[in-house]
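Below: the structure, in structure tokens.
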Amino acid sequence: MWKYVLRRLLYAIPTLLGISIIVFLVTRLAPGDPVRLYTFGALNVTEEDIQGLRAYYGLDQPLWIQYVSWITKVVRGDFGMSLQYHQPALGLLFERMGATLQLAFTALFLQLAIGIPLGVMAALRRGSWVDNVIRVFGVIGHAIPQFWLGLMAIILVSVTLRLLPSQGVLTVGKDIWDVPDRIRHIIMPSFVLALAGIANYSRYLRTETLDVISQDYVRTAHAKGLGERTVVYVHALRNALIPMVTALGGILAVLVSGALVVEQVFTWPGVGQFTYAAARSRDYPVIMAGVMVASTLLVLSYLIRDVAYAIVDPRIKVK
Amino acid sequence: MATTAVSTRRQAAQHDLAARKQRSLWRDAVWRLFRNRAAIAGLAVIVFAAFVAIFAPIIAPYSPIQQNTPKQLMEPIWTRWFGSQFTDSGYLLGSDELGRDILTRLMYGTRVSLIVGFVPVAVIFVVGASIGMVSGYVGGWVDNLLMRFTDIIYAFPDLLFVIIIVATLRGTELGTAMDGLLLIFVALAIVNWVGLARLIRGQVLSLKHREFIEAARAIGATPVRIMIRHLFPNVLAPVIVSLAFAIPGAMLTEATLSFLGIGVRPPTPTWGAMINEGFIVFQATPWPVLLPAFCISIILLAFTFVGDGLRDALDPRMKI
């Protein structure tokens, strides 16, 4: 097992290198120069100043030299200074990581806490109106664009009903440990982020549960006189949940990158929104750092998924 | 007498058997698909949308960019019976903040949505199928190389990658071609071919040592012929299903890009951009937001139903 983990981690290195090269090229291929962008309209900036700044940031070098100097610094943990904020890019991202993780984990919790019971309920009452309602929800939940749902929620809940705040993690001026205030802020964005996943899990778990409860060992459990609850929750659900581990793996990173839209809608100060802003303002170091952090998360969560899968289901062997 | 009766019955039975044999896997699948009411409803919606998209210039009452500010923010005609004073029988679904006809813009918006659904998915199909097939069948260092490359794209958070490509390359020639549509095609294709390639590779790996492939090789079929004539038809079922689900995904991404303001350039009407613009005037009237949102949801639902139907029809045991 450890050998397997180690090999996967080694494989991750060329993958991440490849990603960095692609993003480096994509961002650099675009015409336009960040120095000119940032000095645009500023008075008293001469052509010499611009050239000086370009040299300072190494932007006058050939691309491959720029890449090599970037990667040699990254190996030492230095992702360079943000062109826009004049602070270390990685530090800026980590400051925003907390907000994104809060949102992602809350959404993940909602997905599991709501999606799994819905799926099991639908499967156990197959063909009833409960099942139909849950199935319709399972399909519709997918067909609603996140940004639209978010904006509608703001208009309905915040503007019209004035129930919940529409932006940020905290009311300005409140203590950072004001938990009730934080909860009020996170309710809407986390639900909007979770919706598609809730729909997905309920569909997924419905098929899984239906699959499992028609198997022989479940019939045996019934036959030896166990109660319905014991059969479903102790015997059936455990096996129905195994494939969920696969689904769980990619979910964290998907939530982190999918949170971009929700963060944008709710002005949530997270990593996705920040990386997007950097992409629009050509803040190269921040784009690179943002992509590398997100990809590393994704690679790690794939690994965790595969290992967890092997642990949960002894029938699977990793090699 | 008796013998003829038996023989006719036998003939009839043989005839029956022959008739049944003709039903191929695909005909069975089509039959199952057509018995699925949700899938048929979805298919009907898609055909209708395609019709609207193709004939938009003929059936649309106005030009999608024709402004008429005195008639701005008209509400749909049916709100008249609920007391709205801002309706105009010239604007069946109302008008937006610049007095452009919403019905017309929705019709033209159908074009963008369908094109964004189908074109990148066609590219994904060609690229993903070729790479997956070659990687799986040839194996060895070719497989290794292609799969390492696939891993790179696979480790990229999809939406983030699309957004970065589109946001940074918008100013280039690629980004301005076809009002920005081309760049969106490219971004969607780059990100999404990986899943298909991996799917096909896996299928090919499990098939390539089966007898029918060995038989084909034994009679001297070339690798290309084996891949196209023997392997491809056998991996087609899961491929169709995964492509059917890729289409609504691409549409949703386009709408999201339009919402972020990096989609197809205005004034080309797209549903996502209409929603985005509509929110500015939402306090005055909700319809410029609600109508395109309704269209997006309906078309996404339609494709999801067809995808579900295809999956059930092609292989009831398959789970995607």
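Observations
- Subset of the range A:48-73 that is more than 15 Å from A:TYR284 (Cα to Cα) and of a type in the set (Asp, Glu) - its residue that is nearest to the chain's Cα centre (by Cα): A:ASP49
- For the range A:96-151, the set of residues classified as within 14 Å of chain B (Cβ to nearest Cβ), in a helix (DSSP H, G or I) and free of Cβ contacts under 8 Å to residues at least 24 places away in the same chain consists of A:ASN132, A:VAL136, A:ALA143, A:TRP148, listed by residue number.
- Unmet requirement for B:TYR154, which otherwise passes all of (1) more than 10 Å from chain A (Cβ to nearest Cβ); (2) of a type outside the set (Val, Ile, Thr); (3) within 22 Å of the chain's Cα centre (by Cα); (4) surrounded by fewer than 22 Cβ atoms within 10 Å (Cβ to Cβ): (1)
- If you go through the range B:245-270 and keep only what is hydrophobic (A, V, I, L, M, F, W, C) and surrounded by fewer than 22 Cβ atoms within 10 Å (Cβ to Cβ), you end up with B:PHE245, B:LEU260.
- Residue match in the range B:292-312 (condition: outside any helix (DSSP H, G or I), touching a residue at least 12 places away in the same chain (Cβ under 8 Å), in contact with a Ser or Thr (Cβ under 8 Å, 6 or more places away or on another chain) and surrounded by 23 or more Cβ atoms within 10 Å (Cβ to Cβ)): no
- Some residue of the range A:7-28 being modelled with pLDDT under 85 and on the phi > 0 side of the Ramachandran plot: no
- Scan of the range B:258-294 for residues that are facing another protein chain (nearest Cβ under 10 Å) and aliphatic (A, V, I, L, M), ordered by number: B:LEU260, B:ILE262, B:ILE275, B:VAL289, B:LEU290, B:ALA293
- Checklist (1) modelled with pLDDT under 85; (2) in contact with a Gly (Cβ under 7 Å, 6 or more places away or on another chain); (3) not aromatic (Phe, Trp, Tyr) applied to A:LEU195, failing item: (1)
- Entry remark, the range A:192-243: residues being over 22 Å from A:PHE105 (Cβ atoms), small (Gly, Ala, Ser) and not in a loop (DSSP other than H, G, I, E, B) number 4 in total.
- Within the range A:267-287, being assigned to a helix (DSSP H, G or I) and among the hydroxyl-bearing types (Ser, Thr, Tyr) holds for A:THR275, A:TYR276, A:TYR284.
- Residue in the range B:133-146 that is part of a helix (DSSP H, G or I), on the phi > 0 side of the Ramachandran plot and over 25 Å from the mean Cα position of the chain (by Cα) present: yes
- Residue selected from the range A:264-286 under the condition away from every other protein chain (no Cβ under 12 Å) and surrounded by fewer than 22 Cβ atoms within 10 Å (Cβ to Cβ), by the criterion farthest from A:GLN66 (Cα to Cα): A:THR267
The values are calculated or read from the model by the stated rules, or taken from the named source; none is laboratory data. If you're wondering where the values come from, they're calculated on a predicted model, not measured in any experiment. For neighbour counting, all protein chains shown are included, and Cβ atoms are generated from backbone atoms with ideal geometry for every residue, glycine included.
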